[in-house]
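Written out below as structure tokens is the structure these notes cover.
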Amino acid sequence: MAFEEIKIPDGLKSVDILPEAEELIDAANDSIERFMLADQKVIENFVTCDFHLTQAALQWIHENHLLTGDRMCELGSGYGVVAMLAASMGMTAIGIEIEQILVDEASSLADSLGNEATFYCGSFVPRGTIDQLHLEQDVRNVTVEEDDVYREAGLAMDEFDLFFAFPWPGEQVFFERVVDQWAASGSMLLTYRGRDGMQLQRKI
Ligand SMILES: C[S@@+](CC[C@H](N)C(=O)[O-])C[C@H]1O[C@@H](n2cnc3c(N)ncnc32)[C@H](O)[C@@H]1O
């Protein structure tokens, strides 16, 4: 795999995030709490990342002019908050999520906030991927189904400048290999790694 790691400086947690991002996160947290309390069906693979930390990383990336363009894709977007944060910073942002109910929730939150992120239901794994991935271990928390959802979105993987994902522990490599196989050189993969914070890589 050909990735260059870009070290995000320590202290991201203490960065002041933009007021509009703060408002968006508050509204999203309220909505997610309502959804979690009301929903009878547990969506096992859905957990949310640290939105503040991810926004701080997006601001750092923006301030340092690290992106080749302004198209962003959240891979496994859940409630879609990171795609919405990117859209509120002026990016053309989409989220791809396999659970229809989460796509509906994300779309209706975006609508209610006047946010331009758009959400698509399907698998972010393009057709023709799995046989090429050579995974040494099983991924349990990502659906490894192949799909044509990028066609519906009107953008191929190699047209995005930034990908965001929150992989379950040990499953980061799956996202790296999908991005490595399909994304454009120069594009970036930002991942939230739980206790290990944010990781930023550029495909070279
Ligand atoms: C750990 S959650 C992260 C949600 C969101 N990105 C965040 O950080 O708050 C991972 C999400 O990926 C979705 N997912 C798993 N496999 C997928 C696939 N192949 N295509 C699209 N979504 C997938 C799950 O349904 C889940 O909502």
If the reach is capped at under 14 angstrom between alpha carbons, list the aspartates and glutamates near K7, excluding any in the same chain fewer than eight residues apart. D196
Taking every DSSP bridge whose two residues both lie in the chain, the antiparallel percent to the nearest 5 is 35 percent
Before I look further, what does the stretch 1-115 give for accessible area per residue, probe 1.4 Å, in whole square angstrom? 51 Å²
Ellipticity estimate at 222 nm from DSSP helix runs (n ≥ 4, -39,500 (n - 2.57)) divided over the chain, nearest 500: -11000 deg cm²/dmol
Quick one: what do you get for the stretch 1-85 if you divide its Cα Rg by 2.2 N^0.38 Å? 1.25
Compute the separation of the alpha-carbon centres of the stretch 169-204 and the stretch 62-85 and state it in Å as a whole number. 13 Å
Cβ-placed point charges (K, R +1; D, E -1), dipole of the stretch 1-152 about Cα centre in debye, nearest 20: 160 debye
Can you name the helices of the chain, as whole DSSP H runs, whose Cα span along the helix axis is 15 Å or more and whose Kyte-Doolittle mean is not below -1.0? 19-38, 51-63, 100-113, 172-182
Run the 1.4 Å probe and let me know the accessible area of I130, rounded to the nearest 10 Å². 60 Å²
Cβ crowding within 10 Å averaged over residues, with 138-151, 186-199 ranked highest first: 186-199, 138-151
Probe 1.4 Å - accessible area at K203, Å² to nearest ten: 20 Å²
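The values are calculated or read from the model by the stated rules, or taken from the named source; none is laboratory data. Worth saying up front: this structure is predicted, and the values here are computed from it rather than measured. Don't worry about glycine lacking a Cβ; one is built from the backbone with ideal geometry, like all the others, and counts go over all protein chains shown. What goes into the accessible areas is simple: the full protein's heavy atoms, side chains included, and nothing from ligands, DNA or RNA. Shrake-Rupley method; radii C 1.70, N 1.55, O 1.52, S 1.80 Å.
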